[in-house]
Amino acid sequence: MTLAARPARRRSQRGLDDRLFPGATAVSYVVAILLALACVIPLLYMISLAFQSDAEVQGGTAVLLPSTWQWGNIARVFDAAPFGRFLLNSLIVAGLITISHLVFDPMVGYVFAKFDFPLKGAIFTAILATMMISFFVRMLPLYVMFSNAGWLNSYQGLVVPFLMDAFGIFLMRQYMISVPNELGEAARVDGASEWRIYWNIVLPQTKPALAVLGLFSFVFQMNEFIWPLIATSTEQMRVITIALPLFNKESFTQWNLTAMASLLLFVPICALFLFTQKYVVRGIAMSGIK
């Protein structure tokens, strides 16, 4: 089927749905809009809350829009604690781990996708099995190991446990299987090395998968809480997720400043999503064509 024929087929399918179930298309749009609102409204309220005054937050009733947008709340967050340092720590840790995933996970995925070797299935199954082991099971041994190595309260202590990711290996392996083997065989006939085949032929075909892997890795690490909580002990090494409870006072919580700090955490994640959006959409489109 040609690409030009697909829109006509979709229109005919919608017409068939309307004949069989009157109003089905309208109902589907209404449901989609309601689900979108359910996802967006909490974010919009967080933005509103971040710019409300202390009186509006502690007034006892929910305020949808602040009477006066308190832009000074941004400065108050940085005056209350070194949030610039906390945000920088989060970006460094999440960035290093994401780069590591983008470098090493595709390599391992390529080996499992394009090579045959003894115990290949067993080794791949063992890698996937690590996804079923809760981090809380590994947390105590990791803490003891890093304490003995002197890596607690350091960047290497925050980064090293997450340098490789079983999900990333699985994702890249599944995507690389779809890359035709004939491309690599033709390159080998021309004398290309395995590294050149991987770097110049296979890896460029996986940009959508790399974008998804990078996005997932960065978002997960920016939101990581448990390991930074137990692996750091000084304010200098805190990440922003650990610093959010600083606004919890004895008798009340400064919800506007907490929301502003959460907004600072959200901005780099949103920026990365906007940067990788076209690759993610392209990957979904390519999956649909396949």
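Odds and ends about this structure:
- Output for segment 132-164, where each listed residue is in a loop (DSSP other than H, G, I, E, B) and either among the basic types (Lys, Arg) or touching an Asp or Glu at 6+ places or on another chain (Cβ under 9 Å) (or both): MET164
- Entry remark, segment 178-204: residues being crowded, with 16+ Cβ neighbours inside 10 Å and closer than 17 Å to GLY109 by Cβ number 7 in total.
- Residue within segment 206-215 that is in the same structural domain as GLY168 (by TED's automatic domain parsing), closer than 17 Å to LEU91 by Cβ and of a type in the set (D, E, K, R) present: no
- Residue identified as outside any loop (DSSP other than H, G, I, E, B) and at pLDDT 90 or above among LEU16, LEU49: LEU49
- Single match in SER134, SER154, SER67, SER100 (criterion: within 20 Å of GLU235 (Cβ to Cβ) and among the polar types (S, T, N, Q)): SER154
- Verdict on THR234 being surrounded by fewer than 18 Cβ atoms within 10 Å (Cβ to Cβ), without any contact (Cβ under 8 Å) to a residue 60 or more places away in the chain and under 27 Å from PRO82 (Cα atoms): no
- Residue match in segment 165-177 (condition: over 30 Å from ARG238 (Cα atoms), surrounded by 13 or more Cβ atoms within 10 Å (Cβ to Cβ), touching a residue at least 60 places away in the same chain (Cβ under 8 Å) and of a type in the set (Lys, Arg)): yes
The values are calculated or read from the model by the stated rules, or taken from the named source; none is laboratory data. Here the structure is a predicted model, which is why all the values come from computation and not from measurement. Positions of Cβ are generated from backbone atoms using ideal geometry, with glycine treated the same way; all protein chains shown enter the neighbour counts.
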